[in-house]
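The block underneath contains the structure these notes are about, expressed in structure tokens.
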Amino acid sequence: MFAKVTSGATVGLSSVPVTVEVDISTKSLPSFTIVGLPDKSVDESKERVRAALKNSGAEFPPHRITVNLAPADLPKEGPAYDLPIALGILLASEQLVAKVDKYLVFGELSLDGTLRHTNGILPMALLAKEKKYEALLLPEVNAREAAVIKGIKVTPISSLIALFRHLSGASLIKAYPHISFSKLEEERIAEFDLEDVKGQEQGKRALEISAAGGHNLHLTGVPGAGKTMLARALPGILPNLTENEALEVTKIYSITGNIPEGASIIKIRPFRAPHHTTSRIGLIGGGAHPMPGEISLAHRGVLFLDEFPEFPRSVLEALRQPIEDGIISISRAAGSITYPAKFVLVAASNPCPCGFFGDPVKPCRCMPGQILRYQKRISGPIVDRIDLHVSLPPVKVDKLTGEIKSESSKTVKKRVQRTRDLQTKRYRKTNLVCNSDLNARDIKELMPLSSEMLQFMRQAVEKLHLSARTYYRTIKVARTIADLEDEKNLGISHLAEALQYRPKEEIR
């Protein structure tokens, strides 16, 4: 007796079909074997499936049961094969007669036969759409996550008994209705509002430019200057995710199990703030079974690194390639996996170990050598990849106690959203999303500089010793500044402001 059920496996951020083949031999001693490179959690499916079948009123065949997960050379991970294995046993033992060749089946079983929340649903829904399966059978608690994909039939299964009744025709389960992206409303409440930040107008301006164009930002200043407060206020002014961006983010959060039970697609930009003791693998991803790290979880959002120089040198240097390319490739002996990592880096640091170097009131107790070694923890190549560098002075007492209110995050976000919409329209015929995505060729083709601006930038390169990377990053920042002012063409004033955000050691 033989049966086949189709499931899937996640490789990176994509899913591939996996055929679950079940053979029951009545002429051998009772046994239950799973082959096809299963990991420990898949191998443990034997006990979950056995208990779920018995507790659902079905008979567990007292024969030799062999389950093959094909293709056999692809590693299988996770408990999501419970449901297809249980269904295959029901079909092979002829306790259930049904045609399931056009179904994609996925889900983890509890011992009582109910279905639990399962990771990796969104990639599976995209696989069902790509391969044109008739229906996707999955746990009921995951139905909202899959229902955002248009063009597939999502069948929410609450238990093994409900699946049996549905396939036998005794009690059909209604398909979960499609959820339109535009109807999903989700709003992030930022920890701080910009109107709560006293003073630091240049820092707020840099924060707005960073959010509008997707530019990396480095905030330095004495303790209490407002670096962390500004960074924590950033989520309140970030532009909304587009539908394609939301799907990219949701796929990452789906395979890592970061989508709450019963939730749907993620509509707010990620804001990740790992501690400075985070390991290299924790930041960039990897492990024995490679998984996305913090930089991928921050995809299309913000990666905030507080106490920037306190991160190990090897961890910071690992950020070079992802910052430049927007992806991270993790290579192992078994193969290579690529995860997206297009994020905005926001870093905050003190000017010295004690924090008061340059403070007009509190004296710095650090030796010159200590200050130099501390600042050199951030290498030149990393500094070169950050577009905006802002030094925040101590906040004066009259601004702390004054009644003057600055702009709210809501007001600033309207400008940021308008600017980002302008960029989306400008780059609609390309693969670019915002100004920070531009490369050297794009800049030459899409925003050529006039002879006057070229002369200005030539002088800037000679006097400020700008690298080629900094030259192009300065133009990208200037383009964002012009967009915020709703200016169609770049001007020297935009380039001049962009140059002000270079590190002090470059402007002297």
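The values are calculated or read from the model by the stated rules, or taken from the named source; none is laboratory data. Note that the structure is a prediction, hence the values are computed from the model and not measured. So basically every Cβ, Gly included, is an ideal-geometry build from the backbone, and we count neighbours across all protein chains shown. Surface areas here come from the heavy atoms of the whole protein model, side chains and all, with no ligands, DNA or RNA. Shrake-Rupley method; radii C 1.70, N 1.55, O 1.52, S 1.80 Å.
The rows are residues; the columns are (1) modelled with pLDDT of 95 or more; (2) under 19 Å from Gly107 (Cβ atoms).
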{"site": "Glu44", "(1), (2)": "no, yes"}
{"site": "Ala51", "(1), (2)": "yes, yes"}
{"site": "Ile65", "(1), (2)": "yes, no"}
{"site": "Ala72", "(1), (2)": "no, no"}
{"site": "Lys76", "(1), (2)": "no, yes"}
{"site": "Tyr81", "(1), (2)": "yes, yes"}
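Among the residues of segment 149-181, which ones are aromatic (Phe, Trp, Tyr) and under 18 Å from Asp101 (Cα atoms)?
Residue satisfying the conditions is Phe164 alone.
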(request) Please specify each residue of segment 406-436 satisfying the condition of being within 22 Å of Thr474 (Cα to Cα), part of a helix (DSSP H, G or I) and of a type in the set (A, V, I, L, M, F, W, C). (result) Val416, Leu422
(request) Select from segment 466-487 the residues that are under 13 Å from Asp384 (Cα atoms), free of Cβ contacts under 8 Å to residues at least 24 places away in the same chain and buried (at least 19 other Cβ atoms within 10 Å of the Cβ) and list them in ascending order. (result) none
(request) Considering only segment 163-177, state which residues are over 14 Å from Glu140 (Cα atoms), in contact (Cβ under 8 Å) with a residue 24 or more places away in the chain and either among the basic types (Lys, Arg) or surrounded by 15 or more Cβ atoms within 10 Å (Cβ to Cβ) (or both). (result) Phe164, Leu167
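Say whether the condition of being touching an Asp or Glu at 6+ places or on another chain (Cβ under 7 Å) and either open to solvent by 20 Å² or more (accessible area, probe 1.4 Å) or part of a helix (DSSP H, G or I) (or both) is met by at least one residue in segment 444-465.
Looking for residues that are touching an Asp or Glu at 6+ places or on another chain (Cβ under 7 Å) and either open to solvent by 20 Å² or more (accessible area, probe 1.4 Å) or part of a helix (DSSP H, G or I) (or both), one finds at least one in segment 444-465, hence yes.
What is the residue count in segment 378-399 for residues that are open to solvent by 100 Å² or more (accessible area, probe 1.4 Å) and either closer than 24 Å to Leu484 by Cβ or assigned to a loop (DSSP other than H, G, I, E, B) (or both)?
1
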(request) Considering only residues that are β-branched (Val, Ile, Thr) and within 28 Å of Leu13 (Cβ to Cβ), look in segment 342-377 and name the one that is least open to solvent (accessible area, probe 1.4 Å). (result) Val346
(request) Kindly check whether there is at least one residue in segment 104-115 that is under 22 Å from Ser25 (Cβ atoms) and open to solvent by 10 Å² or more (accessible area, probe 1.4 Å). (result) no
(request) Kindly list the number of the only condition in (1) among the β-branched types (Val, Ile, Thr); (2) part of a helix (DSSP H, G or I); (3) in contact with a His (Cβ under 9 Å, 6 or more places away or on another chain) that fails for Ile161. (result) (3)
(message) Would you confirm, using the coordinates I've provided, whether Ala86 is among the hydrophobic types (A, V, I, L, M, F, W, C), touching a helix residue (DSSP H, G or I) at 6+ places or on another chain (Cβ under 7 Å) and part of a loop (DSSP other than H, G, I, E, B)?
(response) no
(message) Taking the criterion of being in contact (Cβ under 8 Å) with a residue 24 or more places away in the chain and in contact with a Phe, Trp or Tyr (Cβ under 8 Å, 6 or more places away or on another chain), would at least one residue in segment 411-428 satisfy it?
(response) no
(request) Output the number of the condition that Ile259 fails; it satisfies all remaining conditions of (1) closer than 14 Å to Glu145 by Cα; (2) open to solvent by 20 Å² or more (accessible area, probe 1.4 Å); (3) touching a residue at least 60 places away in the same chain (Cβ under 8 Å). (result) (2)
(request) Could you identify the single residue in Gly221, Gly226 that is closer than 24 Å to Asn350 by Cα and modelled with pLDDT under 90? (result) Gly226
(request) Hey, can you tell me all the residues within segment 283-318 that are assigned to a loop (DSSP other than H, G, I, E, B), touching a Phe, Trp or Tyr at 6+ places or on another chain (Cβ under 9 Å) and either more than 22 Å from Lys227 (Cα to Cα) or open to solvent by 20 Å² or more (accessible area, probe 1.4 Å) (or both)? (result) Pro290, Gly293, His299, Arg300
(message) Which count do you get for residues in segment 195-218 that are closer than 30 Å to Glu324 by Cα and at pLDDT below 90?
(response) 2
(request) Return the only residue of Leu219, Leu241 being among the aliphatic types (A, V, I, L, M) and not in a strand (DSSP E or B). (result) Leu241
(message) I'm trying to understand the selection: among the residues of segment 5-28, which are at pLDDT 90 or above and more than 17 Å from Leu127 (Cβ to Cβ)?
(response) Glu21, Val22, Asp23, Ile24, Ser25
(message) Filter segment 358-374 down to the residues that are at pLDDT below 90 and under 21 Å from Asp306 (Cα atoms) and list them by number.
(response) Gly358, Asp359
(request) Among what's in segment 400-425 and is more than 15 Å from Thr480 (Cα to Cα) and β-branched (Val, Ile, Thr), pick the residue that is surrounded by the most Cβ atoms within 10 Å (Cβ to Cβ). (result) Thr411
(request) Would you tally the residues in segment 323-341 being open to solvent by 50 Å² or more (accessible area, probe 1.4 Å), in contact (Cβ under 8 Å) with a residue 12 or more places away in the chain and not acidic (Asp, Glu)? (result) 4
(message) Show me the strands (runs of 3 or more DSSP E) found entirely inside segment 1-70 where at least 1 residues are touching a helix residue (DSSP H, G or I) at 6+ places or on another chain (Cβ under 9 Å) and open to solvent by 10 Å² or more (accessible area, probe 1.4 Å).
(response) 2-11, 14-25, 31-35
(request) With the checklist (1) surrounded by 14 or more Cβ atoms within 10 Å (Cβ to Cβ); (2) closer than 25 Å to Thr242 by Cβ in hand, flag the one item Asn439 doesn't pass. (result) (1)
(request) Answer with yes or no whether Lys198 is within 30 Å of Lys414 (Cα to Cα), open to solvent by 50 Å² or more (accessible area, probe 1.4 Å) and in a loop (DSSP other than H, G, I, E, B). (result) yes
(request) Taking the residues in segment 341-355 that are modelled with pLDDT of 90 or more and over 30 Å from Ile252 (Cβ atoms) as candidates, determine which candidate is nearest to the chain's Cα centre (by Cα). (result) Asn350
